[in-house]
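Q: Just dropping this structure here.
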DNA sequence: TCTCATTTGTTCGTATGTATC
DNA sequence: AGATACATACGAACAAATGAG
């Protein structure tokens, strides 16, 4: 899935994949996303998975709860 | 005991120390090993102690019982 | 039965060192 | 030089299960 040799850095590739899954409804609001799951599924380092999630967070697509995980959707006010 | 500056990561150093103690009979079968004891004795983080125990578990030298601790020896079938 | 302490399991936050491009 | 990646580490917080009393 992730091509470490391409011009696009892995963390952005991963962010894109997740963004598309969210848009497609494959990851509906409320879905929990765990960093360690991403490292396994996409074979990237935790840092890389975190950076990808940071992108989605900046996009407002997910929110993260320390010690719990990240969730698809808008952060509860 | 543990040298955090060396080329060998602390979790492997700790795994080695424990492995040797087991082999030497200093930690006979049935001996209970608690993560928090390791963090104190070797001054490592709990996660580091856990990683060391994971190594020993993979080696089949110990088994772990959730909420109870790890024990030297083969897991009860 | 209930409550409490203990202990492992899980997970994020953050930092560092090394390597690669 | 800078951005990126991986491995590792420490810290913190919370969940869940067990066992003692």
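Please treat every number below as a calculation from the coordinates, not as lab data. These numbers come from a predicted model, not from an experiment. FYI the Cβ positions are ideal-geometry reconstructions off the backbone, even for glycines, and counts take in every protein chain you see.
Q: Taking N as the number of residues in chain B, what value does Rg over Cα atoms divided by 2.2 N^0.38 Å take?
A: 1.03
Q: Run the numbers on chain A and let me know its relative contact order in percent, using alpha-carbon pairs under 8 Å that are six or more apart.
A: 32
Q: Under the convention of a label 7 Å out along Cα→Cβ, give the distances in nm from residue A:57 to the same position in every other copy, shortest first.
A: Label-point distances to the other copies, shortest first: 2.8 nm.
Q: While we're here: Mind checking which chain A residue has its Cβ closest to the axis relating A to B, and how many whole Å off it is?
A: Whole-Å result, nearest residue of chain A to the axis: A:47, 5.
Q: When each copy gets a label point 7 Å from Cα toward the beta-carbon at residue B:43, what are the spacings between them in nm, shortest first?
A: In nanometres, ordered from closest: 4.0.
Q: Quick one: check the C-alpha center-to-center distance for segment B:45-68 versus segment B:1-40, whole angstrom.
A: If we compute the Cα centre of each part, the gap is 10 Å.
Q: Can you compute the FRET efficiency between residue B:40 and residue A:57 using 1/(1 + (r/R0)^6), with r the Cβ-Cβ distance and R0 = 35 Å? Round to the nearest 0.05.
A: Working: r = 37 Å, r/R0 = 1.05.
FRET efficiency, residue B:40 to residue A:57: 0.40.
Q: Nm distances between the label at residue B:26 and the same-position labels in the remaining copies, 7 Å along Cα→Cβ, shortest first?
A: Residue B:26 label point versus its equivalents elsewhere: 5.2 nm.
Q: Give the angle, between 0 and 90 degrees and rounded to the nearest 10, that separates the Cα long axis of helix B:46-58 from the longest principal axis of the Cα atoms of chain B.
A: Orientation of helix B:46-58: about 50 degrees from the principal axis.
Q: Could you state, as a whole-number percent, how many of the C-alpha pairs of the protein assembly as shown are farther apart than 19 Å?
A: Details: 7496 of 11781 pairs.
That fraction is 64 percent.
Q: Taking the number of other C-beta atoms within 10 Å as the exposure measure, put B:44, B:55 in order starting with the fewest.
A: With the sparsest Cβ surroundings first, the list reads B:55, B:44.
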